[in-house]
Amino acid sequence: MKTCPCGNDRKSHDITETPDYSGWSIFLISMGISAKPIKVDFTCKKCNKTFDTITGEEAKHWVT
């Protein structure tokens with residue numbers, strides 16, 4: 001598993017998970033319907049570096 005320069009990984013409490021949605025998904029979310037992201041970026045809160053990204057099927061099954 002990838003880590004940031006501080007040594008944090010996806011499961012650390014010191015990261016921010018930022019999902020990215022398609023235009024259609026954003027429309028569904030605005031209507032109150034849940035949608036799956038197309039990409040999720042993982043950024044360290046301490047060093048502010050984005051150290052990992054998931055896309056495709058892995059992103060669709062991502063859960064916070």
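Of note:
- Pairs where the first residue, in the stretch 11-31, is over 18 Å from Asp41 (Cβ atoms) and the second is at pLDDT below 95 and not in a strand (DSSP E or B), C-beta under 7 Å, 6+ apart: Leu28/Ala35
- Scanning the stretch 12-20 for residues that are among the aliphatic types (A, V, I, L, M) and surrounded by 14 or more Cβ atoms within 10 Å (Cβ to Cβ) turns up at least one hit.
- Taken together, the residues in the stretch 21-36 that are surrounded by 12 or more Cβ atoms within 10 Å (Cβ to Cβ) and assigned to a loop (DSSP other than H, G, I, E, B) amount to 4.
- Filtering the stretch 2-20 to residues that are closer than 14 Å to Glu58 by Cα and in a loop (DSSP other than H, G, I, E, B) leaves only Arg10.
The values are calculated or read from the model by the stated rules, or taken from the named source; none is laboratory data. Keep in mind that what you see is a predicted model, and the values were worked out from it rather than measured. Neighbour counts are summed over all protein chains in view; Cβ atoms, including those assigned to glycine, are modelled from backbone coordinates with ideal geometry.
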